[in-house]
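Visitor: Before I ask anything, let me first share the structure, which is written out below as structure tokens.
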Amino acid sequence: RKVIDKLTAQYIKGDILQLYKSSKKGMGKLRKPMLYDRNKIMTDRIDKIIQKQSLFAGIGAAHLAGSKGVIRGLKKKGYKLKPCF
């Protein structure tokens with residue numbers, strides 16, 4: 001319960017970096033397939049779709065931040081991003 005409360009508070013504050021760090025810490029061996037690999041897949045799919053049409057993408061907050069996060073991946077592909085909350 002304490003972990004969920006902590007993650008919820010981070011989400012409400014919009015602290016995606018801390019949310020990413022907290023989520024990453026508890027994943028162990030699943031970190032690569034559940035976080036990093038999925039981030040790459042989402043980044044590539046978003047890039048492919050928005051070259052053809054507009055897109056609204058719902059992404060779990062833990063996938064946004066970090067050096068292997070979706071935000072960084074899209075920026076590496078040349079996109080300019082800004083928060084809209």
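Only the coordinates and a few stated rules stand behind these numbers; no lab work does. Keep in mind it's a predicted model, so treat the numbers as computed, not measured. Using ideal geometry, Cβ is built from the backbone for each residue, glycine included, and neighbour counts are taken over all protein chains shown.
Visitor: Tell me, what HN-Hα J-couplings in whole Hz come from the Karplus equation 6.51 cos²θ - 1.76 cosθ + 1.60 at θ = phi - 60° for each residue of region 13-23, using x for Gly and Pro?
Guide: 6, x, 8, 5, 5, 5, 4, 4, 4, 5, 5
Visitor: Given 37 °C and 0.692 mPa s, compute D for the chain with the Stokes-Einstein relation, Rh being the Kirkwood radius over Cα pairs; round to the nearest whole µm²/s.
Guide: Roughly 240 µm²/s, to the nearest whole number.
Visitor: Provide Rg and Dmax in Å for region 16-63, with only Cα atoms included in the calculation.
Guide: Cα-based Rg and Dmax for region 16-63 come out at 12.5, 37 Å.
Visitor: Taking 0.36 nm per intervening residue step and subtracting the Cα-Cα distance, what contour gain separates S54 from R38 on full extension?
Guide: 3.6 nm
Visitor: In terms of Cα to Cα distance under 18 Å, which lysines are near enough to K82, apart from those fewer than 8 places away along the same chain?
Guide: Leaving aside lysines fewer than 8 places away in the same chain, those within reach of K82 are K13, K68.
Visitor: Order 73-79, 16-22, 35-41 from most to least packed using the mean count of other Cβ atoms within 10 Å.
Guide: 16-22, 35-41, 73-79
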